[in-house]
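Engineer: Let me give you the structure first, and then I'll get to my questions.
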Amino acid sequence: MVETLVWRTSHTIAEYVNGLPLVSNQRLTLLGDNFSLILSPAIASDTAEYSCLLNDRHSPEAIVDLLVQDVPDPPGRPLVVSFTSRSVDLSWAHSQDPRNAPVTNFIIETRIGENGDWEQEPPIHTKSSQAAHQVTGLQPFTVYSFRVIAVNKLGHSPPSKESYYFVTLREAPTGKPVTTIAHNTSATSVYISWKAPPPESILGEFLGYRITYRPRDYHTDDVKEIYIRDSTVEVRFSGTTKFDLPALLLGWRQPGVRPYDMIVAGGHGKGPKGV
C-alpha cells in the first residue's frame, strides 16, 4: 500500500501525501492511479535524473534519466571584424544553451539599408558550427546589417540581435558620362553637354566631374583639367548635365578655330571616361 510517494531531482518536485497529489510546477501532473509523473510541455531544463521514493524509503523504487532536446538559444550579436567594398568578415558568440542538441551550422540573414527587408536577400547557410563567416558579393558604398540563426537537428533558433550598421568601402565608378553636345560658342569658349552615368554605377559618394582637354594636333602633351564640384550637378544627376567652358582657349594669342579633344569623367575617383 502506498502511503507516501515522492518524485525528486535535486529537490522534491512532486509528492503524494494523504491521498492528495502535490506538485511544484503547473507543468507537472501526478496521476493517482499509478503515480506516473507527466511533464507537459517538457522543456530542455527538465533534463535530469528523476527518482521515485515510496513510503519514506531511502532507496528509490525507480530512477529515470530524462533528456529533453529543443532548438538552440539565439547566437550572440554578430560583430563586423573587417570589411572591403565587396565582402565582410563576421564573428559571433555561440548560443548560451544549445538545448541538449549540438549546433550543426548557422544561417546568416542580410539587410540592405536601415529599414530594409530581411527577406530581400537570400539567406546564407554556413557549412559548419564555426561562429565566424565571410560574406561576399556585397555592393560598394552600401549600408548593411546582419543577424544569425543557429541550427541543430531539432530546428532553427530565433534570430540573434542584428549587427550594427556599417557601410562597405567605395570603388571607382564603372559607368561613364556620355557626351551629347560639344560645340564652340565663341572664339574662346566651348559648350559641352553630357548624360550622367547610371546611379548604380557610381559605387561611392558622387562628388562631381573632371573635364580633361587638349589640342588635337598641337602640343598633345599639354593636357589641362577642370573639376566641377558644384552640388547642383548632383541635383540634376538623372538628366543631362551641361557646362560652359568660357576659358577653354584662354592663352591663345591668335584668333581662329582649332580642334580639341575633350574627356569627361564623373564620380568620386578615377573611373571610365566619356569622350
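The values are calculated or read from the model by the stated rules, or taken from the named source; none is laboratory data. Note that this is a predicted model, so its numbers are computed, not measured. Heads up, the Cβs are rebuilt from the backbone with ideal geometry, glycines too, and the neighbour counts pull from every protein chain shown. We work out accessible area using only protein heavy atoms, side chains counted, and drop any ligands, DNA or RNA first. Shrake-Rupley method; radii C 1.70, N 1.55, O 1.52, S 1.80 Å.
Engineer: Could you sort Lys195, Lys127 by accessible area so the largest value comes first, with the probe set to 1.4 Å? Mind dumping the intermediate values first?
Structural biologist: Numbers: Lys195 115, Lys127 200 Å².
In descending accessible area the options line up as Lys127, Lys195.
Engineer: Among Val64, Pro102, Thr168, whose Cα sits farthest toward the positive end of the charge dipole of region 32-170 (+1 at Cβ of Lys/Arg, -1 at Cβ of Asp/Glu, about the Cα centre)?
Structural biologist: Highest projection toward the positive end goes to Thr168.
Engineer: Still on this structure, please answer the following. Return the distance in nm (one decimal) between the two label points of a simple spin-label model at Val143 and Asn18, each offset 7 Å from Cα along Cα→Cβ.
Structural biologist: Taking the simple label geometry, Val143 and Asn18 are separated by 6.7 nm.
Engineer: Using all alpha carbons of region 79-168, what is the percent of pairwise distances in each 10 Å bin, ordered from the shortest bin to the longest?
Structural biologist: It works out to 17, 52, 26, 6, 0, in whole percents.
Engineer: Can you compute the charge dipole magnitude of region 79-168 about its Cα centre, using +1 on each Lys and Arg Cβ and -1 on each Asp and Glu Cβ, nothing else charged? Give it in debye, rounded to the nearest 20. Don't skip to the answer; put the middle values down first.
Structural biologist: Details: 7 positive and 8 negative charges, 59 e Å.
So the magnitude is around 280 debye.
Engineer: In nm, give the distance between the simple-model label positions of Asn34 and Val68, each being 7 Å from the Cα along the Cα-to-Cβ direction.
Structural biologist: About 2.1 nm separates the two model spin labels.
Engineer: So for the pair Phe166, Leu79, with labels modelled 7 Å out along Cα→Cβ, what separation do we get in nm?
Structural biologist: Result: 1.1 nm between the two label points.
Engineer: Starting from 0.36 nm per residue, how many nanometres of slack lie between Thr185 and His11 once their C-alpha separation is accounted for?
Structural biologist: Details: separation 174, 0.36 × 174 = 62.64 nm, distance 9.67 nm.
Length gained, Thr185 through His11: 53.0 nm.
Engineer: Oh, and also: With +1 on the Cβ of every Lys and Arg and -1 on the Cβ of every Asp and Glu, and nothing else charged, how large is the dipole of region 5-59 about its Cα centre, in debye rounded to the nearest 20?
Structural biologist: It works out to roughly 40 debye.
Engineer: Right, next: Going toward the positive end of the dipole of region 1-115, with +1 on Lys and Arg Cβ and -1 on Asp and Glu Cβ, which of Ser24, Ala44, Gly113 do you reach last?
Structural biologist: Positive-end residue among those listed: Gly113.
Engineer: Across 10 Å bins from 0, what is the distribution of all Cα-Cα pair distances for region 4-66, in whole percents?
Structural biologist: It works out to 21, 61, 17, 0, in whole percents.
Engineer: If you don't mind, there's one more thing I want to ask. So if each residue of separation counts as 0.36 nm, and I subtract the Cα-Cα distance between Ile228 and Ser59, what length gain in nm does that give?
Structural biologist: Working: separation 169, 0.36 × 169 = 60.84 nm, distance 9.10 nm.
Length gained, Ile228 through Ser59: 51.7 nm.
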